[in-house]
Amino acid sequence: MLTTTDVKTYREQGFLPGSPHLSAEEAAAMREACIRTCGVELKDPSRRQASNRVKPYLLFRWAADLVRHPTILDSVEALIGPDILVFHTTVWFKEPNTAKSVPWHQDATYFGLAPFEHVTAWVALTPSTEEMGCVHILPGSQENGQLLHADKPDPNLMLSRGQTVAKDIDDSNAVSLTMTPGDVSFHHTLALHRSGPNTTDEPRIGIGISYIPAHVRHVGETRLSATVARGANRHDHFDPEPTPDGDATEAAIAAHYDSISRFWQASESIPGMGLVH
Ligand SMILES: O=C(O)CCC(=O)C(=O)O
């Protein structure tokens, strides 16, 4: 459980470094399942997204269990309250010896959510060290509000258009979030963060789960869907999503496609949504 000091630190700094949430056995089982289902990126150009690495909790049982993990939800509840929805999830899979990296950005840029209360829980399924391209974060950067981002297309950037914050960042105070399997870090939706290449012979796998309190709404015209992870969907801002009835079943694929399609539709009114990572 997070302490009141942890919650105060999150409010002031915009993040909490990794701390143990899954046992080594749970992390190993999740890692094996993640590699089996998402180790190969399934890209369908007509769908614009590497869909098996986006919202995998609608496709695969392991990911459905992960976003509902009680220990993670206890920490999320301490940060955003008891009614918790899963809005999005990304499998951050850095292959061994890859130049792929993530530029400085704020998660809020892509989601069209108000108020800015979304928190990302980043779950380490492998070690995440400096050499493996761990996440770096700028303490206190959430205080500066939403910053302008610009597209910087580059095949080595893991965000779809290399979208990155437009101004130069003084990263002298940046903190490296090094993690061991089963650790979870938390960052605020306005916290500036980035990550570098994986120069090791092992994959680096992290799952970024976007949680929102149920009173947060999407500001665009499209009705989006979300998963109730704890408490109730009291405000009815999102359509409920089903739990997958198996791995990549017909029903799961249809629910996943429906949810992702709504994101694309939303991007007509909020261009950033089309870039969702
Ligand atoms: O895992 C990474 O390298 C980047 C993570 C990230 O940008 C996020 O969780 O929002």
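Annotations for the structure displayed:
- Of the DSSP H helices in the chain, not one has a Cα length along its own long axis of 27 Å or more together with a mean Kyte-Doolittle hydropathy reaching 0.5.
- Restricting attention to the chain, the count of lysine pairs at 8 or more positions apart or across chains with alpha carbons under 27 Å apart stands at 12.
- Here is the list for region 169-277: GluC sites (Glu not before Pro) lying in DSSP coil, each with at most 15 other C-beta atoms within 10 angstrom of its C-beta, are Glu221.
- Computed from Cα atoms alone, the Kirkwood hydrodynamic radius reported for the chain is 18.6 Å.
- All Cα pairs of region 103-190, percent lying beyond 20 Å: 41 percent
- Cα-only Debye scattering, region 1-88: base-10 log of I(q)/I(0) at q = 0.17, 0.19, 0.24 Å⁻¹: -0.86, -0.98, -1.19
- Based on the reciprocal of the average 1/r between different C-alpha atoms, the Kirkwood radius for region 135-247 equals 17.4 Å.
- With a Förster radius of 30 Å applied to the C-beta separation of Asp171 and Arg36, the computed FRET efficiency comes to 0.25.
- Since only Pro139, His237, Met1 are under comparison, the one whose Cα sits farthest along the positive direction of the charge dipole of the chain, derived from C-beta charges on Lys, Arg, Asp and Glu, is His237.
- Residue-span extension gain [Asp74 to Gln146] - 0.36 nm each, minus C-alpha spacing: 23.2 nm
Laboratory data are not the source of any read-out in this text; all were calculated from the coordinates shown. Worth saying up front: this structure is predicted, and the values here are computed from it rather than measured. Cβ sites come from the backbone with ideal geometry, for glycine too, and all protein chains shown count toward neighbours.
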